[in-house]
Amino acid sequence: MSGHNCVAIATDTRLSTQLMTIDTSFQRVFKVTDSCLMGVSGLGTDVQTLQLTLRSFYFSNSLMKFKLNLYRLKEGRDMKADVFSKLVATSLYEHRFGPYFVSPVIAGLDKVGENEYSPVICTYDSIGYREHNGQFEVAGTGAELLYGVCETFYKPNLEPEQLFEVISNSLLSALDRDSLSGWGAKVYLLTPTELTVRSLKTRQD
Amino acid sequence: MELDYLKTLPLGGFNFDNCIRNRAMAESGILQAPKTMKTGTTICGVLFKDGVVLAADTRATGGSIVGDKNCEKIHNLAPNIFCCGAGTAADCDHVTEMIKRQLELHRLNTHSENRVQMAALKLVAHAFKYGGQIGTHLIVGGVDVKGPQLIECSNDGNMYSMPYHTTGSGSLAAMAIMETRYKENMTREEAVNLCIAAIEAGIYHDLGSGSNVDVCVITRNKYEMLRNIKHDNFKVFSKPGGYQFKKDRVQVVEEFKHKLVVEAGEQPMDLS
């Protein structure tokens, strides 16, 4: 979700093989650059292949980490969130006929002026259709449930703390009705100067 | 070898690495392939006296869920050529983007305006190469040295040129309007209104199409993109002022703050 000079990603922490829970603290959201976060839902193995991690030596072959580093070496600067969002789209489309079973969500802030940042919020289907309306995007097993709550709760130009309340309430409402999600939730709130990660109290079932 | 890393660089083109794995997973029933976004569209194009009008609805669907309420289906290919896309959303987006680049290179090489025929030919050549697997159903319109052109390109590699075209799931509804109301040598106004009526027929009679109408008018040396020219389906149900949430209703178990480096002047290169 986007706000005024801030963006946020909220996610649950469950990893499962269909109905059996196998991990209750699965990390889905990662910091791409200082101004961009990526959350990936979908098949666990593909999530880890696609995304970059802060502990990069575990997944040294991770696809996006590689491309980001290459860009950084060539250009000598970090990739803008908007550029990164397009890179993800093309990377997914490269696998058009043998896709990764993932639907990533990207939340980032691009500097457009002095103290003015434009939010970049987008999501993809598994073959790289980039969906972006600048407000909120949803992905994963609870996507259908989230559409409804986000549509009612979301307001444009929220301040960071208000955005936190809105995104948390939206996620928790959907989480309650999605049997495949749960076991705790995390909210990543990104402002130009700070990344705040909050664990929420949720039902544990 | 020192240059071994070159082998790891992306080569371009499609990557089929996951195909066998994905098929194995589908066959053993572990996981079905996720649904992809379709545009589930109504798009149309009409030739008029001194140009072309292209029009599209703005709904993208994944199954029965509306994924995007206001997406853009009219893509720019060249300053004088536009294209409406129906079918698999990712294909339409990326194929048009790719052709756009090829056309721009051609323009820079030849110092001349692109022809619509060439754009359409490139699109069908690409689609045909993949035997219809790339789900693009496009209507290409533009004005070039031979005057206003309108060409439909389907995913199996067919190309047809008629004075009016409709494609997508709402094409039948739109074609009904076209067939009754089209006449030769229309004015710009008449052509735009005809396109709007055709798309609206799709929006209201086809469930795959919806939301607003986008129109693009291309005449000699000029184009006009009229985004959301009709927007009768905007959201109206929000509570005025929105919902307020009381603080502390959401319980935070743990908080972690990470200060980010604020960019000041030249940004140092971080190679960690």
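The values are calculated or read from the model by the stated rules, or taken from the named source; none is laboratory data. In this text, all values refer to a predicted model and were calculated from it rather than measured experimentally. Note: ideal-geometry Cβ built from the backbone for every residue, glycine included; neighbour counts use all protein chains shown. Only protein heavy atoms, including side chains, enter the accessible area calculation; ligands, DNA and RNA are left aside. Shrake-Rupley method; radii C 1.70, N 1.55, O 1.52, S 1.80 Å.
Residues in segment B:31-70 that are open to solvent by 20 Å² or more (accessible area, probe 1.4 Å), more than 13 Å from chain A (Cβ to nearest Cβ) and either modelled with pLDDT of 95 or more or under 29 Å from A:S126 (Cβ atoms) (or both): B:L47 alone. Criterion first (outside any helix (DSSP H, G or I) and open to solvent by 10 Å² or more (accessible area, probe 1.4 Å)) does B:T166 satisfy it? Yes. If the condition is being under 14 Å from the mean Cα position of the chain (by Cα) and of a type in the set (F, W, Y), then segment A:134-154 contributes only A:F136. Consider segment B:13-28 and keep the residues that are open to solvent by 50 Å² or more (accessible area, probe 1.4 Å) and part of a loop (DSSP other than H, G, I, E, B). The one that is farthest from the other protein chains (Cβ to nearest Cβ) is B:S28. Among the criteria (1) open to solvent by less than 10 Å² (accessible area, probe 1.4 Å); (2) touching a Phe, Trp or Tyr at 6+ places or on another chain (Cβ under 6 Å); (3) in a strand (DSSP E or B), the one A:G98 does not fulfil is (3).
Once segment B:108-141 is narrowed to residues that are part of a helix (DSSP H, G or I), under 17 Å from the mean Cα position of the chain (by Cα) and within 14 Å of chain A (Cβ to nearest Cβ), the residue that is surrounded by the fewest Cβ atoms within 10 Å (Cβ to Cβ) is B:H126. Looking across B:V213, B:V253, B:V217, one residue alone is farther than 15 Å from B:D57 by Cβ, open to solvent by less than 70 Å² (accessible area, probe 1.4 Å) and touching a Lys or Arg at 6+ places or on another chain (Cβ under 8 Å). It is B:V217.
Reported count of residues in segment A:152-205, each being more than 10 Å from chain B (Cβ to nearest Cβ) and surrounded by fewer than 20 Cβ atoms within 10 Å (Cβ to Cβ), is 13.
Residues are listed down the side, and each one gets a yes or a no for (1) part of a helix (DSSP H, G or I); (2) out of contact with any strand residue (DSSP E or B) (no Cβ under 7 Å at 6 or more places or on another chain); (3) among the aromatic types (F, W, Y):
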site: B:L11; (1), (2), (3): no, yes, no
site: B:V66; (1), (2), (3): no, yes, no
site: B:H75; (1), (2), (3): no, no, no
site: B:H106; (1), (2), (3): yes, yes, no
